[in-house]
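Notes for the one structure printed next.
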Amino acid sequence: MMSETENPWQVISSREVYNNPWINLTEHQVINPGGGKGIYGMVHFKNLAIGIVVLDEQHHTWLVGQYRFALDEYSWEIPAGGGSLDSDPLETAKRELLEETGISANHWTEIQRMHLSNSVSDELAIIYLARELTFGSAAPEETEQLQVKKLPLDEAYGMVTAGRITDSLSVAGLLKLKLMKAEGNLL
């Protein structure tokens, strides 16, 4: 029986392939669990991924739309951003929500922690539910050209199930919120 705590991988050597302020790519020479030699590339993220599902009293949510360079396509997503590993993730969530949508929230609940692509990356994501909303002006970063859309939670859920929302933070956050609603955990 396999141990859940013992690492079956052996690292022979490691070398840094790429490094910038946000990510580090390392290539490891390894012996895999089956005893074979090989390589394993790993991306280390220097920030947390933070997502925010916004919900008002009528169960409307807000999405942001933007063109994603890496995908070369437009993407609808929950508000999200990165926060340094040594900062308070909730403060990052508050900053990102205000920056991207102009919305502030008085009530915050962490609803999910997840690893976004754990076969090649150590990136940790934290998703919050933001409620008791107030509205102001958005101030996106120069790299963000955003549209903001208010829609019923059920419609956002439908975008997930139809494959129109594919961002992993957004999929997980909206599915979690739909499950919470179905279980009666949202008033």
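Tabulated values for the structure
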{"read-out": "Sole exception among (1) within 27 Å of G184 (Cβ to Cβ); (2) not in a helix (DSSP H, G or I) for L97, by number", "value": "(2)"}
{"read-out": "Matching residues, the range 144-184, being closer than 24 Å to L124 by Cβ, without any contact (Cβ under 8 Å) to a residue 40 or more places away in the chain and surrounded by 14 or more Cβ atoms within 10 Å (Cβ to Cβ)", "value": "V160, V171, L175, K178"}
{"read-out": "Top-ranked residue in the range 151-187 [being in contact with a Leu (Cβ under 8 Å, 6 or more places away or on another chain) and assigned to a loop (DSSP other than H, G, I, E, B); ranked as farthest from L116 (Cα to Cα)]", "value": "L186"}
{"read-out": "Residue in the range 155-168 that is closer than 22 Å to N106 by Cβ and not aliphatic (A, V, I, L, M) present", "value": "no"}
{"read-out": "Qualifying residue in the range 58-79 (condition: part of a strand (DSSP E or B) and farther than 17 Å from S170 by Cβ)", "value": "no"}
{"read-out": "Matching residues, the range 68-82, being among the small types (G, A, S) and in contact with a helix residue (DSSP H, G or I) (Cβ under 6 Å, 6 or more places away or on another chain)", "value": "A80, G81"}
{"read-out": "Boolean, K94 is of a type outside the set (V, I, T), closer than 14 Å to L63 by Cα and in the same structural domain as R68 (by TED's automatic domain parsing)", "value": "no"}
{"read-out": "Hits in the range 1-26 - residues which are farther than 14 Å from V43 by Cβ, assigned to a strand (DSSP E or B) and among the aliphatic types (A, V, I, L, M)", "value": "V11, I12"}
{"read-out": "Residues of the range 27-56 classified as more than 30 Å from L186 (Cβ to Cβ) and in a strand (DSSP E or B), total", "value": "14"}
{"read-out": "Residue in the range 159-173 that is under 30 Å from Y40 (Cα atoms), in contact with a Gly (Cβ under 9 Å, 6 or more places away or on another chain) and of a type in the set (A, V, I, L, M, F, W, C) present", "value": "yes"}
{"read-out": "Residue ID - surrounded by the most Cβ atoms within 10 Å (Cβ to Cβ), chosen from residues in the range 22-74 that are under 24 Å from T166 (Cβ atoms) and hydroxyl-bearing (S, T, Y)", "value": "T61"}
{"read-out": "The range 80-93: number of residues that are in contact (Cβ under 8 Å) with a residue 24 or more places away in the chain and either crowded, with 16+ Cβ neighbours inside 10 Å or outside any loop (DSSP other than H, G, I, E, B) (or both)", "value": "9"}
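The values are calculated or read from the model by the stated rules, or taken from the named source; none is laboratory data. Since we're looking at a predicted model, the values are computed, not measured. Methodologically, a virtual Cβ is constructed for each residue, glycine included, from the backbone with ideal geometry; neighbour enumeration extends over all protein chains shown.
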